[in-house]
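Novice: Quick one: structure below, then a few questions.
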Amino acid sequence: MSRKHFEALAAALRSNAPSPDSSSFEIEAELFERVVDAVAGACERANPRFDRERFETASGLAVIQIAARFTIQIAEQQRSTTSSFVRAQSQ
């Protein structure tokens, strides 16, 4: 496989990346990460000069991982705030 093939695969993955606005974003992000990892593994086996980090960046994986971490942090903060509010109301 050549760089053109890797670029085409990364573009196809990027165009199918999950949307942070999706109600199931966390699940979709995990699946996307697994798909990118599997495709990158196949590319590595096809070409020993394959650059996994560059491919993952081109596929949009880093952006999805950051968005997923941010989404999880927001959800945890909301749960913590809600728990604190409920405890305060019950006292």
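Readers should treat all values here as calculations from the given coordinates under stated rules, not as data from a laboratory. Small disclaimer: the values here were computed from a predicted structure and weren't measured. Cβ placement follows ideal geometry from the backbone for every residue including glycine, while neighbour counts extend to all protein chains displayed.
Novice: Within the stretch 1-15, work out how many residues are surrounded by 12 or more Cβ atoms within 10 Å (Cβ to Cβ) and either part of a loop (DSSP other than H, G, I, E, B) or of a type in the set (Asp, Glu) (or both).
Specialist: The total comes to 2.
Novice: Looking at Val39, is it crowded, with 16+ Cβ neighbours inside 10 Å and among the aliphatic types (A, V, I, L, M)?
Specialist: yes
Novice: Please tell me if Ser24 is surrounded by fewer than 12 Cβ atoms within 10 Å (Cβ to Cβ), of a type in the set (Ser, Thr, Tyr) and on the phi < 0 side of the Ramachandran plot.
Specialist: In short, yes.
Novice: Right, here's the next one. Give me the pairs: first residue in the stretch 38-61 and on the phi > 0 side of the Ramachandran plot, second residue of a type outside the set (Lys, Arg), beta-carbon distance under 6 Å, and six or more apart or on different chains, which are they?
Specialist: That search, which allows pairs on different chains as well, returns Gly60/Ala17.
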